[in-house]
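The structure appears below as structure tokens.
The values are calculated or read from the model by the stated rules, or taken from the named source; none is laboratory data. Quick caveat: nothing in here was measured; it's all calculated off a predicted structure. Ideal geometry is used to build each Cβ from the backbone, glycine not excepted, and the neighbour counts take in all protein chains shown.
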Amino acid sequence: MTTAPSGDPVAVLAAAVPPHVRRVCATLAEAGHEAVTVGGAVRDALLGREPGDWDVATSARPEQVLALFAHCIPTGLQHGTVTVVTGRGEASHVEVTTFRGEGTYSDGRRPDTVQFGVALRDDLARRDLVVNAMAFDPAHRLLHDPFGGLADLAARRLRAVGPTGDAFVDAVARFTEDGLRAMRVVRFAAVLEFDVDADTARGIAQPSVLASLAKVSRERVADELRKLLAAPRPSRGLRIAEAVGIVASILPAVAAVIVDVAAWLARVDDAVPEARLAALLADLGRPGPRVERAVERDVEAILRALKLSSGEVAATARLVAVAKPALVGDDPALRRLLADVARPLAASAVSLWRASGELAIADRAAAILARGDALATADLAVGGKQLIEALALAPGPAVGALLARLLDRVLVEPSLNTRDGLLAEARVHVDATKTS
């Protein structure tokens, strides 16, 4: 659990800022410019979390930054960003962005125009949340907190930032500009284990914000969803996402079938991380003893629309297709189901069943996996080469068909999975084929 800030925040930040970032700020300050670290690294350092990238904001214009440092990459000059290279490797890179104001966001993601020359307070006011709108000046050991970020960290609260100070008004403005900010809020709620301010949540639910979210690339949305689902308790963010309409926006088919929100949230929390995306979509499943191919195809289409990787799509679709195994009877039937799932996903399937309340099936399946019962031809005690040598068979498709038949027998009776037992079964089948 993320802890609230403690101790002297200036001392905490002074100790946390890496030396190469301090040097960049010092060079800018010596040239007469303001230079501060901003954003998530400041927040995380104050929370005792490991900060990510340390970004610098400055009053210097991009051309002035380029003139001050020997090695720079003009990352995004039109938006005021220069990457200063302080050493070898990407870890030495520092993004330096000029204080700026912004015009309209016609694409719901990036400003059409930016204005340089604004004050630090105005630059901070254009960010998303109060806890992300703090800045630290390492050269002068000054913490800039014009909107109450420290208080929000102590209160474990996520509140929209902006010039009006009205969380609802600022939320609508900030999140309509950039639709991804709404996803970031619910992700932060889960990852930081913070509550979302009621007025901020009300702002996210406005049609203009959800319309902006719909414009954001699905890859960016999927990335935020992954981070949310990796949190200790994804429900902290998903509860808000469902209530304000984010789930309906990004996963309308899922939102349409959620009957019990509390059960849905608990299932996602209780599943192992590898099964959480499937737990999110599990209400799309249908009860049955085998993989539901129609469900699998439907889920694949949903996930492809989110631009997930082919591996994520295939694995999650297969898990959702077996999410409701209510009609599975005896252990042979359960072994067939696990064989359909495939061993690499079997443990995730067990976790999903357990998280869904299918405890008896989950326990039986876990026992099958623990015993090491064969679930694929690769698990059999004989392979194709051994069958060919022992039975004088010609290589070809018939050998693969024979292995599949042996697996079918072993799924019913695992004790047959010995070399002698399988070769005896194979001889009986081959002899019967020859005489038929």
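From the list ALA135, ALA190, ALA182, exactly one residue is outside the structural domain of ASP223 (by TED's automatic domain parsing) and touching a residue at least 12 places away in the same chain (Cβ under 8 Å). Which is it? Give the steps one after another, and end with the answer.
Working: ALA190 fails: outside the structural domain of ASP223 (by TED's automatic domain parsing); ALA182 fails: outside the structural domain of ASP223 (by TED's automatic domain parsing).
None of the others qualify; the one that does is ALA135.
For every residue, the table says whether it meets (1) in contact with a strand residue (DSSP E or B) (Cβ under 9 Å, 6 or more places away or on another chain); (2) within 20 Å of THR81 (Cβ to Cβ); (3) assigned to a helix (DSSP H, G or I).
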| residue | (1), (2), (3) |
| --- | --- |
| VAL118 | yes, yes, no |
| LEU124 | yes, yes, yes |
| VAL131 | yes, no, yes |
| HIS140 | no, no, no |
| LEU143 | yes, no, no |
| PHE147 | no, no, no |
| ASP152 | yes, no, yes |
| PRO163 | no, no, no |
| ASP170 | yes, no, yes |
**Request:** Kindly establish whether PHE136 is modelled with pLDDT under 95 and touching a Ser or Thr at 6+ places or on another chain (Cβ under 6 Å).
**Result:** no
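Each row is one residue, and each column tells you yes or no for (1) part of a loop (DSSP other than H, G, I, E, B); (2) within 21 Å of the chain's Cα centre (by Cα).
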residue: VAL268; (1), (2): no, yes
residue: GLU274; (1), (2): no, yes
residue: ALA282; (1), (2): no, yes
residue: PRO287; (1), (2): yes, no
residue: VAL291; (1), (2): yes, no
residue: GLU300; (1), (2): no, yes
residue: LYS307; (1), (2): yes, yes
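State all residues of the stretch 63-100 that are touching a residue at least 40 places away in the same chain (Cβ under 8 Å) and more than 32 Å from the chain's Cα centre (by Cα); if no residue qualifies, say none.
Going through the stretch 63-100, the residues touching a residue at least 40 places away in the same chain (Cβ under 8 Å) turn out to be 68-69, 84, 86-87, 92, 94-99.
Once the filter is applied, which keeps residues that are touching a residue at least 40 places away in the same chain (Cβ under 8 Å) and more than 32 Å from the chain's Cα centre (by Cα), the stretch 63-100 yields LEU68, PHE69.
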**Complete:** Of the candidates LEU393, LEU406, LEU411, LEU369, the one satisfying the condition of being part of a helix (DSSP H, G or I), among the aliphatic types (A, V, I, L, M), over 23 Å from VAL295 (Cα atoms) and more than 40 Å from the chain's Cα centre (by Cα) is LEU406
**Request:** Only residues that are touching a residue at least 24 places away in the same chain (Cβ under 8 Å) and among the small types (Gly, Ala, Ser): list them for the stretch 17-40, please.
**Result:** ALA26, ALA29, ALA31, ALA35, GLY39, GLY40
**Message:** I'd like the full set of residues that are closer than 17 Å to ARG276 by Cβ and surrounded by 20 or more Cβ atoms within 10 Å (Cβ to Cβ), limited to the stretch 325-345.
**Reply:** VAL341, LEU345
**Complete:** Quick count over the stretch 284-314, residues being free of Cβ contacts under 8 Å to residues at least 40 places away in the same chain and closer than 28 Å to ASP330 by Cβ, is 10
**Item:** Subset of the stretch 274-295 that is modelled with pLDDT of 95 or more and under 19 Å from ARG343 (Cβ atoms) - its residue that is surrounded by the fewest Cβ atoms within 10 Å (Cβ to Cβ)
**Value:** GLU274
**Item:** Yes/no for ALA230 being surrounded by fewer than 22 Cβ atoms within 10 Å (Cβ to Cβ), hydrophobic (A, V, I, L, M, F, W, C) and in contact with a Pro (Cβ under 7 Å, 6 or more places away or on another chain)
**Value:** yes
